[in-house]
Amino acid sequence: MKKLQIILAVLLLLWGLFITWMQRLLIMPRFPFLTFILFVALVAGIFKYRKANMLFLMAAGLWILFSSESIGFVIFMDKGGFARMIPALIPLVLSTALLFSTQAKDTLIDAPGKKAAFVLLLIFIGFASFIYKPYTVELECRMPVDYDGTYQLIFISGHKKTLQIKMSKEKLKEIINKKAIYDKDYKEYFCSQTRIKIVTRFGKIISAKHIEV
């Protein structure tokens, strides 16, 4: 079982390094803390450190949690893009196998049934995080020229997708005076890269607020 544990850890580590490399190519550098924790556990296991199994359990649990959250994002936020689950399914399978291959003596998950329940709990927590998800995004927005009777901004969030936010007349005037550019062809004001805070529940927007002029 020890050999299987090391093999699974190496495979998961290589996947983490691949994801880190891809993020750098996409100009999205982030500190790979999951990969770092797994690397520490792997080194501890190779040198037979007495707490190595605890490190493996912690690393596997974190990978399961964040992989399930990524899967939840595809289900609730990116409907129809199920092929994008694959980058999250791979570490979920590897980390689950790693958790089951790790001895868990003197812990609350020292039996296969308890480990299975622990995995299901982590997956549930990853999905449950979408009950309330705040995001800060930058979108383009437009507004009618005759805004006296239209107290809202229309944000362009993608192809044929819009988000309307109600505002006071004074706030609209302030935005127009500071940021807006008038488009003669469309007879509308446009603002580029306007920041808004969106709160979603299982992928559905429940509130949105303009946070920057």
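The values are calculated or read from the model by the stated rules, or taken from the named source; none is laboratory data. Please read these numbers as outputs of a predicted model, since none were measured by experiment. Cβ atoms come from the backbone with ideal geometry, glycine included; neighbour counts cover every protein chain shown. Keep in mind that these areas ignore ligands, DNA and RNA; they rest on the heavy atoms of the full protein, side chains included. Shrake-Rupley method; radii C 1.70, N 1.55, O 1.52, S 1.80 Å.
Overview of results
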| quantity | calculated |
| --- | --- |
| Selection count where residues are over 19 Å from residue 55 (Cβ atoms), part of a helix (DSSP H, G or I) and either of a type in the set (S, T, N, Q) or open to solvent by less than 50 Å² (accessible area, probe 1.4 Å) (or both), scope segment 121-140 | 5 |
| Yes/no for residue 84 being touching a helix residue (DSSP H, G or I) at 6+ places or on another chain (Cβ under 6 Å), of a type in the set (Lys, Arg) and not in a loop (DSSP other than H, G, I, E, B) | yes |
| Segment 99-120, residues that are surrounded by 14 or more Cβ atoms within 10 Å (Cβ to Cβ) and aliphatic (A, V, I, L, M) | 99, 104, 109, 116, 119 |
| Count of segment 164-213 residues which are at pLDDT 70 or above, under 15 Å from residue 135 (Cα atoms) and either part of a loop (DSSP other than H, G, I, E, B) or of a type in the set (D, E, K, R) (or both) | 8 |
| Residue count for segment 46-60, restricted to those that are surrounded by fewer than 19 Cβ atoms within 10 Å (Cβ to Cβ) and in a helix (DSSP H, G or I) | 3 |
| Some residue of segment 103-112 being in a helix (DSSP H, G or I) and of a type outside the set (D, E, K, R) | yes |
